[in-house]
Amino acid sequence: MDRSSNLNLLDEAFGFENQARVSPRVLLIEDCVETSGAFVLHHLIKRALSLDGSGVLLFVALAQPFSHYERILRKLMYNIGGNSKSVEQNVIHSYSMVYRVGGFTFSYPLASELLMVLDVHWSGCNLVTQRDNNRLFFLDMLKLVCPDGDEKHNIEGGLVELYGKIQKTVEVSALSEDSRNCITIMIDDISLMEVAANGSSNHVLDFLHYCYTLTSELGGSLVTLNHEDIYSSTLGPTPILHMEYIADIIIKAEPLATGLATDVHGQLTVVNKGIIVEHGSPRNRIRNFHFKVKENGIEYFYPGSQT
Amino acid sequence: MAATKSSFSRNISSTPLVQNPSLKQGSNGTVFVSSGIPDLDKILGGGFPLGSIVMVMEDAEAPHHMLLLRNFMSQGLVHNQPLFYASPSREPRAFLGTLPSPISSKDNKGLDSDSEQEKGLRIAWQYKKYFGEHQQNFENHKGNKQEYCNDFDLRKPLERQLLSKQRIDCVSTQDSPNLTHFRDRCSTFLAQLRRNDDGVACVGRIAIQSFCAPQCGYSDMEWEVLSFIRSLKSMIQSSNAVAIITFPPSVLSPSFSKRWQHLADTLLSVKAIPDEDKELAKLLTGYQDMIGLLHVHKVARINTQVPVILEATTYSIKLQKRKSLVLERLNQAPVDGSSGSSYAKSASCSGSSKGGSLDF
């Protein structure tokens, strides 16, 4: 794992090492009941918000309340450098204690000094601060139910309304700041949007296409999460196939064949459609590696390479 | 059990944020309520977290999910928590009469002394069974007035006065024609349990039995039911309550069954074990005492992204002294009945197999 440049295997697989700015792309995260892929989403939230202070994130939450993401991101942010441990507990709860960071022990004055220095980094991903700074737009859609009435067009109506909200937010933020803003729309998750649309996946796909157009016009990216195993038993064109088609990068989280273990929480398969190899022809690049999810970050490693 | 424990995790016992003995402070700002089965609480790392949905996948052949439901409901009533119960039977209130009663501490002591008698002889291959014993005994002695989790005597019905003491809502899912009515009942029940900043005052429990079973009024409205669960989940997330839903996955299509499972925070399944399975009886110890198997598919992950990796995911459900429910890890039986001869036997086995390979 290349810690010095703050890139890990996942970032490498995304092709983040090539360009400082993220080119317009569509990311699709697929997971299953046994292995949740939500951590990839959290990683991307962190990335989108810490991108040179210019990224704007629009988060459509259908699965979890704000407090859930806020808490997770707060813990993720404490990963300064490679081997620091989670210091969240100390920061929040006890100022009277002796601080131990990364094996060193020092007293309160020194620690508070350190905290002030580090605070710059940390506030970078405090979701509340980001929301106040208009860098994060959090749309709480937990209670979104489109077909409130009985008529068919209500499903469409609900999603059109949601899209209207997104469009407005995106346009406002694109106007107000300078054009180097890169906008990311995240949807967690699509399967729940289908439930909200009462099973009308066509409408959901339309909605996604609209979002896709919006982000590609502005040079932003669209990140969605869906559950692959839901569709595994259905034949024919499933929504996830459509989504895979428009996606530039597909990330699949699966359990190991032998089940979950304490050291390996599962494996990721990243299909990057857009990487150009030396001969000039675009080629799919598939990477496969294992991961271990921790509070302050995720460890990625190739099978067998973990020390 | 959690995958990573940092070296300076906060000492939770020093800051009692939760004074109520029926609640337990968990990590990441979660609060647990007991499932009513001490072993299950231990497996799940404390119990069911507030604001989560627990789903139990039923086995069509055995009503083991009822054991989980009964203990869950009884525990709530013992702790004076309001209860909401929905079942596909015509008369859901009748089910309350079958709830088990907690074992009083006097009986408990008898139980303890029995287990002490057993202590004399321990067999090495079963040592895992005895790991948590000290802790458990300690808990039993400590909790004198109101315990976080009681042992329940499945043969003794709950006292009538407990049933009348607090609010119990019963709904039959058989005769209600649509889900809007059911949803309204749930939201009125949860309205009194809104979550606010000043601590947890009152905790509610929702138990929905055999949801979407064929006898349910709306077994053919798959998307509506999913939408109902989703809205129930969002209501629960903002209130101090836990919902447990049991459902028969076999009547749902595979795709919908997966959708249900994704909606669950904690996912369990129960399985019956066939009565006379000679093969299985040979493989597992204590096969005669087992009444079923419990499988833990998913443990709630609230405010965290780290998955809980359990040491084992399948547990046997046993009835201790025919009255209290215990969960045990599966223990592989030695090759032969008595451990002494099993060595000799396995040795001879490998010997013979070697010989066999030479013959071929």
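The values are calculated or read from the model by the stated rules, or taken from the named source; none is laboratory data. Note that the structure is a prediction, hence the values are computed from the model and not measured. Please note: Cβ atoms are built from the backbone with ideal geometry, for glycine as well, and neighbour counts cover all protein chains shown. Only protein heavy atoms, including side chains, enter the accessible area calculation; ligands, DNA and RNA are left aside. Shrake-Rupley method; radii C 1.70, N 1.55, O 1.52, S 1.80 Å.
For segment A:202-248, a reduction of at least 20 Å² in accessible area between the chain on its own and the assembled protein chains (probe 1.4 Å) is found at A:HIS227, A:ASP229, A:ILE230, A:SER233.
Peptide B:258-266 is shielded by partner chain Cβ atoms: per residue, an average of 5 of them sit within 10 Å of its Cβ. Taking label positions 7 Å along the Cα-Cβ direction at both B:GLN215 and B:GLU276, the computed distance is 3.0 nm, reported to one decimal. Per-residue 3J(HN,Hα) values for segment B:45-51, derived from phi via the Karplus relation 6.51 cos²θ - 1.76 cosθ + 1.60 with θ = phi - 60°, read x, x, x, 9, x, 4, x Hz in sequence order (x marks Gly and Pro). Other residues with beta-carbon under 14 Å from the beta-carbon of B:GLN215 carry, at +1 per Lys or Arg and -1 per Asp or Glu, a net charge of -3. Computed with a 1.4 Å probe over protein heavy atoms only, the accessible surface of segment B:38-87 comes to 20 Å² per residue. With a cut-off of 11 Å between beta carbons, the residues surrounding A:GLN64 carry a summed charge of -2, where Lys and Arg count +1 and Asp and Glu -1. For segment B:194-239, the extents of the C-alpha atoms along the principal axes are 42, 18, 9 Å, listed from largest to smallest. Other residues with beta-carbon under 12 Å from the beta-carbon of B:VAL251 carry, at +1 per Lys or Arg and -1 per Asp or Glu, a net charge of -3. Leaving ligands and nucleic acids aside, the A/B contact buries around 3700 square angstrom of accessible area in total at a 1.4 Å probe radius. In this model, which of A:LYS46/B:LYS24; B:LYS42/B:LYS323; B:LYS42/B:LYS156; A:LYS273/B:LYS233 are farther than 29 Å apart at the alpha-carbon? From the list (A:LYS46/B:LYS24; B:LYS42/B:LYS323; B:LYS42/B:LYS156; A:LYS273/B:LYS233), the Cα-Cα distance tops 29 Å for A:LYS46/B:LYS24; A:LYS273/B:LYS233.
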